[in-house]
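> Next up is a structure, given as structure tokens.
Bear in mind that the values in this text are calculations on the coordinates, not laboratory data. If you're wondering where the values come from, they're calculated on a predicted model, not measured in any experiment. Please note: Cβ atoms are built from the backbone with ideal geometry, for glycine as well, and neighbour counts cover all protein chains shown.
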Amino acid sequence: MKRYDDLQFNGLILVQDTDYPCFTEDSVLLVNFLQLKKNDRVVDLGSGTGILSVLGQAKTGASFTGIEKHEALCGLARESASINGQDIPFYAMDIADAPAFFGEGAFSAAVCNPPYFSSGDRSERIFRADARHAGEVPEVFLKAANRLVRNGGDLYLCYPAERLCDIIVLLRNVHFEPKLIRFVPGREAVPRLVLIRARKNAGPGLRYVPFSFDQQS
């Protein structure tokens, strides 16, 4: 069933369908973690129904482009952008094909909320399965980001806090150096999620920034 969700920011609407994956708090937290400029050109990898692009463009003023392999999800994202009066293109294609289509170093930054569950029951619905389960997906996302983002550009992503070591290794394997990290608390203040900004071909030098519930808005 299609629904129209109020994002509670400047009257923005996000069109979703309960038959497909809907956005979670993690995406909102990631948007509020972005440090982008108005002249940044940003690629949203695995854009789904467009939450990162729609909210990210409104909050930062940067120019976003969404890439999502499922045409049905792209259609919902395009409808949201149209309702909001936003100029955000959404392309239905495999992430791995994006560098050849857009060109090497075409963007100054990339954002993604990648699938990261590697075990457990896989959903019978392909949209939900692709949104939740990892397999080799994180590597595909990161390799594409390496080719799409210019030298010195940033990659923003979120990942389970308990797998921080895994994602740092993957990032360094594709020449993204983690530069900024924020832990998001879960139950009993134990970190459940980590927000990361990594820079392409940068030297070491990592900073940690504290989480505040004010940063959710």
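> Using a simple charge model, +1 on the beta-carbon of Lys and Arg, -1 on the beta-carbon of Asp and Glu, nothing else, what dipole does the chain show about its Cα centre, in debye to the nearest 20?
720
> For the chain, what does -39500 (n - 2.57) per DSSP helix run (n ≥ 4), summed and divided by total residues, give at 222 nm, in deg cm²/dmol to the nearest 500?
It lands at -9000 deg cm²/dmol.
> For the chain, what's the relative contact order in percent, using C-alpha pairs closer than 8 Å and at least 6 residues apart?
Numbers: 456 pairs, mean separation 35.9, N = 217.
Relative contact order comes out at 17 percent.
> Starting from the Cα of LYS37, draw a straight line to each of the lysines and keep only those under 22 Å, dropping any in the same chain fewer than 8 residues away.
Leaving aside lysines fewer than 8 places away in the same chain, those within reach of LYS37 are LYS59, LYS179, LYS200.
> Something else now. Within a 10 angstrom radius of the beta carbon, how do HIS175, HIS70 rank from fewest other beta carbons to most?
Exposure proxy ranking, most exposed first: HIS175, HIS70.
> Here is a further query. Please report the net charge: other residues with Cβ closer than 11 Å to the Cβ of ARG197, K and R +1, D and E -1.
Computed value for this residue: +2.
> When only alpha-carbon atoms are used, what values of Rg and Dmax, in angstrom, describe the chain?
16.1, 48
> Specify which residue in the list THR65, LEU7, ALA202 is farthest towards the positive end of the charge dipole of segment 2-216, using unit charges on the beta carbon of Lys, Arg (+1) and Asp, Glu (-1), about the Cα centre.
Comparing the listed Cα positions along the dipole, ALA202 ranks first.
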